[in-house]
Amino acid sequence: SHAVDLQFIQYLFKSYFFMEEYFRNGKGIHWDLWTTRWDQLRNINIPIPPIEEQKLITRYLKNKTNHIEDLINKVQKKIQVLIEQRKSLVNHCVTSGINKNAKMKDSGIKFIGKIPKHWEIKKISSLYSHSSKRSKGNEINLSVFRDYGVVKRDDHKNKNVLSEDLSNYKIVNKGDIVLNKMKTWMGSLGVSKYQGIVSPAYYVLRPNFVFFSGYVHHLLRSKVYIDQYASLSKGIRPGQWDLGIDDFKSLKIILPPINEQKTINEFLTKKLKINDNLIKLESERLKKLKEYHQSLFSSIVVGKFKICKDKL
């Protein structure tokens with residue numbers, strides 16, 4: 001038997017080498033539902049250097065990984081700050097506009113507060129009607145995603161299986177609001193830019209007024225409104241809270257003049273593109289740091305690089 005450093009063994013178990021052997025010797029339907037029995041696990045051969053070398057490797061990895069983990073934490077915090085900045089920007093623009101000199105008034109909506117004096121306040125029920133018009137065939141299949149709103153189903157991965165009979169699916173017109181009633185509290189809703197059909201499990205609301213889609217899309221997907229959907233949703237199990245259509249329609253929305261809706265949307269589109277690019281950049285950096293973090297364990301604990309005492 002070999003003398004072992006427990007920290008070295010922990011690092012070894014985190015390496016690609018051990019994980020590959022673990023999965024190769026076990027079975028399961030998914031990586032997080034995988035089982036490797038002890039009689040198979042005990043037969044995995046692992047490289048064990050002399051105890052002094054194990055301690056050298058442990059010291060080296062501890063110093064290196066502490067530095068990398070610190071960088072990972074900083075990048076994760078930066079991404080979170082960018083996400084919060086995005087939410088704050090949308091909230092401000094859709095409720096206060098972009099004219100800093102606009103005269104304000106009390107909206108009468110507790111979760112909104114003050115709004116520009118010339119903006120209107122309307123109940124959703126007075127602007128939209130619940131539509132259940134059914135498919136006639138050959139329409140584009142649409143879906144609703146928390147991060148995007150209403151999208152073409154084929155453009156995004158979706159775990160839900162399409163029904164063979166699409167005759168029960170609901171028709172969506174451009175400008176309609178589509179809600180996933182079980183996930184509206186998470187932000188799964190939006191104004192559709194497409195003509196198509198959606199699952200009968202979704203709500204479709206058809207407008208009866210003139211508006212600019214981009215503004216209403218941002219308004220209904222802003223954090224101030226998503227918080228309201230969450231408070232109005234009901235259910236027994238977390239993650240399966242339904243928002244009733246009447247509860248949604250009971251909410252009031254704020255509407256600037258149509259030209260101002262367009263200006264706000266153009267401003268947000270420009271600013272959010274910059275924010276999204278920064279999030280994408282930091283996410284790529286995070287991915288590379290995590291890959292380097294993992295490869296460091298894998299390359300050093302299996303002896304691909306020799307650690308010299310004078311380098312520590």
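In table form, for the structure just shown:
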read-out	value
Solvent-accessible area, 1.4 Å probe, carbon plus sulfur percent, for the stretch 57-156	46
Inter-label distance, nm, simple model (7 Å from Cα along the C-beta direction), TYR292/GLU52	3.2
Apportionment of accessible area to carbon and sulfur, the stretch 196-244, percent (1.4 Å)	60
Fully extended contour minus Cα-Cα distance, from SER88 to LYS133, at 0.36 nm per residue	12.5 nm
Cα gyration tensor shape of the stretch 61-124, rounded if a/c is under 1.5, else prolate or oblate by comparing a/b with b/c	prolate
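The values are calculated or read from the model by the stated rules, or taken from the named source; none is laboratory data. Just so it is clear, the structure is predicted and the values come from calculations on it, not from any experiment. As a convention, Cβ positions derive from the backbone with ideal geometry for all residues, glycine included, and neighbour counts pool all protein chains shown. Just so you know, the surface numbers come from the protein's heavy atoms only, side chains and all, with ligands and any DNA or RNA stripped out. Shrake-Rupley method; radii C 1.70, N 1.55, O 1.52, S 1.80 Å.
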